[in-house]
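Undergrad: Please read through the structure below; I'll follow up with questions.
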Amino acid sequence: MSDLAKMISDTSNNIINLAESSLKELDSGKKIAFDNTAYHLPLAYALLGKEIKQAGEAKVIIESARKLWNNQPLSNGLSVPYVDGLLNKGLATLFCEELLTAINYTKGKAPSSDWVGFIPDTVLRSLGLQLVDGRIAGIAVILGRPKDSSVAAQIIREFQEKNIVSVLVGDVDGETFADQLKKEKVEMGLDNYIVPLGPDALSSIFAVNFAIRAPLTFGGCTEGQWKKNLEYCQERVPAFVLVLGKLDEVIVTTGMGVLALGFPIITDMDAPQVPKIETTKFDAIVTEKDYKKIVSRCMETRGIKIKVHKINIPVMYGPAFEGERVRKESLYVEFGGKKAIGFEFLKYADMDKVEDGKVELIGPDIDNIKEQSLPLGIVVEVACRNANKDLEPILERQIHRYLNEAQGIMHMGQRDIVWIRISQDGFKKGLRLKHFGIIIHAMIHQEYSAIVDKVQVKIYSKKEDVEKQIKEARVTYAKRDERLSGMTDESVEDFYSCALCQSFAPNHICIITPERLGLCGAYSWLDAKANFQISPSGANQPIQKGKATDVKLGQWKNINDFVYEKSNKTIEKVSMYSLLESPQSSCGCFECIVALVPEANGVLIVHRDYSGDTPLGMKFTTLASSVGGGVQTPGFLGVGKLYLTSKKFISAEGGIKRIVWMPQDLKEFLRSKLEARGKDIGDPDFINKIADETKATTLEQLLDFLKQVKHPALEMPSLI
Ligand code: SF4
Ligand code: ZN
């Protein structure tokens, strides 16, 4: 045995012993678990198929680890016998590290509030969509730190620019990467693509047991299917490990387990170089000492390709900067919002009226401002050879993301309720009003070149001009709303498919109709249509619906045939309007879950941001774990928020009148639409008949409430 192999073997053994003795200190009935997950100890759940809830049940982890350490396959066959058995020892280590951190949680020794620690299921779900649509290209697990904080900032900025989310773990000599970023005034948080997980090396397990939940959440894999779960991670989870400044026994041993999941290790330290092994796509362990090259080396090694937006502006640009806030303390100037008038408007114009790339500032720039709140109007004129009026609002809506992705700009709202901020830092770096136009022009070309020929932008900064221009815009906004509200499933020939999530949920396919948007909430029928025009062989395809085979359920032969084919022959029929009969499958990134409450003869809705209890006795995470992976689950449905107020919302079961409970936040978000729907169904007070967590968190309370308000569901035909 080489020295290295011996060291790994010994360290792994020590960690198993440590886990065993820590476990022995607990009463066997003592609860051990992480919060906000449906997967218990996720690694043990996914690979061993065990639901560990109490200390007594955790013995199996120690036994399994010992077996793996001895290179013996477990009873379910789990064994990854590569690299002289070192990967098995690595896996054994991961199991015990997961157990150790769970025990720490039990003892109240979770990482302090500066750190995220265990990542809740909902974060994974919300990241799903960003991963499939490329806003997140990969995940860097960074262990340790470089010598110099300026190098830390440089590395992180490069990851941000390349759409990589960095999770930070561990320290070197008491200083962490996060400390260095603080010193360099880099804002952290998931919105900024930087997640500090924990200050010690053990915290790397939080990245591992985050990754292993992806096959369970999106991939339709079940607990104990160790091979499928590992292969899913190897093939579909674009993660890698970057080890900086320290390489000790624990890191190396843990690293062996990480390799079993297919995540390569890149380091700035001297380490044995390991070429491709059975579980990795390319090289397994790589040294790169040049910090200027290290980020691209990571990407290469994991095989991550990205789209970088090159735009001629003085600040950085990319999705990682989208969530950046510009707070009052760092504000230089703001437009619109509550204190000033502002709008943005995109319209088609004739070919000869548009000079591509022209950006005109009509009014003063922001160099010598007297006030911090100023008026602003952005008018984008677009010339297209095949102009399709439907797509104007789709293009206009992108302005929000385009401007937000610039470092130093914060954009909220749309149309005549925009609120845009520029930070002091952005101003110092040279951001000026013309850059709004430069960004919009470049990005529309980048993303919509298939349908757009020319783009020019006019920026109005004088109040009287803004007031004048906003009038024209408002007339058009109203016309657009009218058009949209008149659009029904019956009024169109084609529905659209969306297969974007297939990279994570291989059998999942969304069908998007005018009255039912994608379950992620991000794609409406118009979006899908626009995307099809932009890339005719892309994820969104039109399906001519033809004649309905069941009007009530919302089934069409053509749709069924399409779904059967694209779901890899796993789904034969799909009802667009039913919860109980052949409902749509879910991938995992749904905004809300609709769940049957048989006792109430209705359904409850819970959205991702609500972490409290529901009257079904289950939280969102638990409910969510029974839906997903591209499987149909009668009685459960993953949906986008806006589908809830559609006339086609589970209309086969009686529609909106079935809703008996939803969290208060969601009710507020939907208030005006719910009120309008209440009038539609002849029950203007309906919104007040829907219970929320202030009225009921148990079934009993819910039933009492429903009786008291005479909820219509109680009088409806029985659901089961
Ligand atoms: Fe995924 Fe459906 Fe959203 Fe498309 S519409 S991104 S398939 S959830
Ligand atoms: Zn999805």
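Undergrad: Relative contact order, percent, of the chain when contacts are C-alpha pairs under 8 Å separated by at least 6 residues? Spell out each step's value before the answer.
TA: Values: 1509 pairs, mean separation 70.6, N = 720.
In percent, rounded to a whole number, it is 10.
Undergrad: Take peptides 248-258, 88-98 and line them up by average Cβ neighbours within 10 Å, highest first, as a rough protection proxy. Numbers along the way, then the final one.
TA: Numbers: 248-258: 22.8, 88-98: 27.5.
By packing density, highest mean first, the sequence is 88-98, 248-258.
Undergrad: Can I ask one more? Determine the distance separating the Cα centre of region 478-525 from the Cα centre of region 105-168; give it in Å without decimals.
TA: If you average the Cα positions of each part, the centres end up 32 Å apart.
Undergrad: Among L361, L129, what is the fewest-to-most ranking by other Cβ atoms within 10 Å? Each step should come with its number before you reach the end.
TA: Numbers: L361 16, L129 24.
Final ranking by Cβ density, sparse to dense: L361, L129.
Undergrad: Report the net charge of residues surrounding Y348, where surrounding means a beta-carbon distance below 12 angstrom and charges are Lys +1, Arg +1, Asp -1, Glu -1.
TA: Numbers: positive: K347, K353, R385, K389, K454; negative: D350, E381, D390, E392, E396, D453.
It works out to a net charge of -1.
Undergrad: Oh, and also: Report P(r) for region 62-203: all Cα-Cα distances, bin width 5 Å, range 0 to the bin holding the largest distance, values in whole percent.
TA: Reading the bins upward from 0: 2, 9, 15, 16, 15, 16, 15, 8, 3, 1, 0.
Undergrad: Note down the relative contact order for region 354-440 as a percent, whole number, built from C-alpha pairs under 8 angstrom at least six residues apart. Don't jump to the answer; show the numbers that get you there.
TA: Details: 55 pairs, mean separation 27.4, N = 87.
Averaging sequence separation for qualifying contacts and normalising by length gives 31 percent for region 354-440.
Undergrad: In this model, which of K107/K227; K227/K641; K310/K462; K358/K463 are farther than 25 Å apart at the alpha-carbon? All intermediate terms of the calculation are to be shown ahead of the outcome.
TA: Details: K107/K227 33 Å; K227/K641 35 Å; K310/K462 31 Å; K358/K463 22 Å.
Over 25 Å apart, Cα to Cα: K107/K227; K227/K641; K310/K462.
Undergrad: Which lysines have a Cα lying under 19 Å from the Cα of K547, excluding residues fewer than 8 positions away in the same chain?
TA: Those lysines meeting the cut-off are K557, K573, K648.
Undergrad: If you only keep lysine pairs separated by 8 or more in sequence, or across chains, how many in region 3-106 come under 17 Å at the Cα atoms?
TA: For region 3-106, the number of qualifying lysine pairs is 13.
Undergrad: Next up: Calculated from DSSP H runs of 4 or more alone, at -39500 (n - 2.57) each and per residue, what is the 222 nm mean residue ellipticity of the chain, nearest 500? Could you put the intermediate results ahead of the total?
TA: Working: 21 runs with 244 residues, N = 720.
Per the formula, -10500 deg cm²/dmol.
Undergrad: Sorted from largest down, what three extents in whole angstroms do the Cα atoms of region 487-626 have along their principal axes?
TA: 44, 31, 30
Undergrad: Taking the C-alpha atoms of region 312-389, how large are the radius of gyration and the largest Cα-Cα span, Dmax, in Å?
TA: Cα-based Rg and Dmax for region 312-389 come out at 16.1, 46 Å.
Undergrad: Would you mind listing how long region 278-425 runs along its three principal axes, going by Cα atoms, in whole Å with the largest first?
TA: Here the Cα extents, ordered largest to smallest, are 58, 46, 23 Å.
Undergrad: In terms of Cα to Cα distance under 22 Å, which lysines are near enough to K182, apart from those fewer than 8 places away along the same chain?
TA: Reachable lysines: K147, K162, K246, K292, K328, K428, K429.
Undergrad: Roughly what % antiparallel, to the nearest 5, for the DSSP beta bridges in region 490-715? Provide the component values of the computation, followed by the final result.
TA: Values: 21 of 24 bridges.
Around 90 percent of the beta bridges assigned by DSSP in region 490-715 are antiparallel ones.
Undergrad: A further question follows. Computed on alpha carbon atoms, what radius of gyration and Dmax characterise region 108-183, expressed in Å?
TA: My reading of the Cα-based Rg and Dmax gives 13.8, 39 Å.
Undergrad: In the neighborhood of I534, defined by Cβ-to-Cβ distances under 15 Å, what is the net charge if each Lys or Arg adds +1 and each Asp or Glu adds -1?
TA: Numbers: positive: K307, R385, R397, K529; negative: D133, D390, E392, E447, D453, D527.
In short, -2.
Undergrad: Can you tell me which of 608-615, 673-680, 587-594 comes out highest on packing, and rank the rest after it, using the mean Cβ neighbours within 10 Å? Don't skip to the end; give the middle numbers.
TA: On the way: 608-615: 18.4, 673-680: 16.5, 587-594: 27.6.
Taking the mean over residues of other Cβ atoms within 10 Å, the ranking is 587-594, 608-615, 673-680.
Undergrad: Further question: May I ask you to give the average projected area over all directions of the convex hull of the Cα atoms of the chain, in nm² rounded to one decimal?
TA: Working: hull surface 129.6 nm².
The number I arrive at for the chain is 32.4 nm².
Undergrad: How do the peptides 530-536, 176-182, 110-116 rank, highest first, by the average count of neighbouring beta carbon atoms within 10 Å per residue?
TA: On the way: 530-536: 17.3, 176-182: 22.1, 110-116: 15.0.
Per-residue mean Cβ counts within 10 Å order the peptides as 176-182, 530-536, 110-116.
Undergrad: Still on this structure, I have one more. Rounded to whole Å, give me the distance from the Cα center of region 574-634 to that of region 58-75.
TA: 36 Å
Undergrad: For K707, give me every one of the aspartates and glutamates with a C-alpha distance below 13 angstrom, ignoring sequence neighbours fewer than eight places off in its own chain.
TA: E599, E715
Undergrad: Can you compute the radius of gyration and Dmax for region 3-106, using only the Cα atoms, both in Å?
TA: Values for region 3-106 (Cα only, Rg and Dmax): 13.3, 41 Å.
Undergrad: Take every Cα pair under 8 Å in region 3-106 that's 6+ residues apart, average their separations, divide by the length, and report that relative contact order as a whole percent. Walk me through the numbers on the way to the answer.
TA: Working: 134 pairs, mean separation 36.8, N = 104.
Once normalised by length, the contact order is 35 percent.
Undergrad: How are the alpha carbon pair distances in region 121-302 distributed across 10 Å bins from zero to the largest one, expressed in percent?
TA: So the P(r) values, bin by bin, are 10, 41, 38, 11, 1.
Undergrad: Sticking with this one: Add +1 for every Lys or Arg and -1 for every Asp or Glu among the other residues with Cβ under 15 Å from the Cβ of K67, and state the total. Before the final figure, lay out the partial values.
TA: Values: positive: K50, K59, R66, K89; negative: E20, E63.
Net charge in that neighbourhood comes out at +2.
Undergrad: Among DSSP bridges having both ends in the chain, what percentage is antiparallel? Round to the nearest 5.
TA: Values: 43 of 81 bridges.
Around 55 percent of the beta bridges assigned by DSSP in the chain are antiparallel ones.
Coordinate-derived values only; no laboratory data. Bear in mind the structure is a predicted one, so any value in this text is a computation, not a measurement. Using ideal geometry, Cβ is built from the backbone for each residue, glycine included, and neighbour counts are taken over all protein chains shown.
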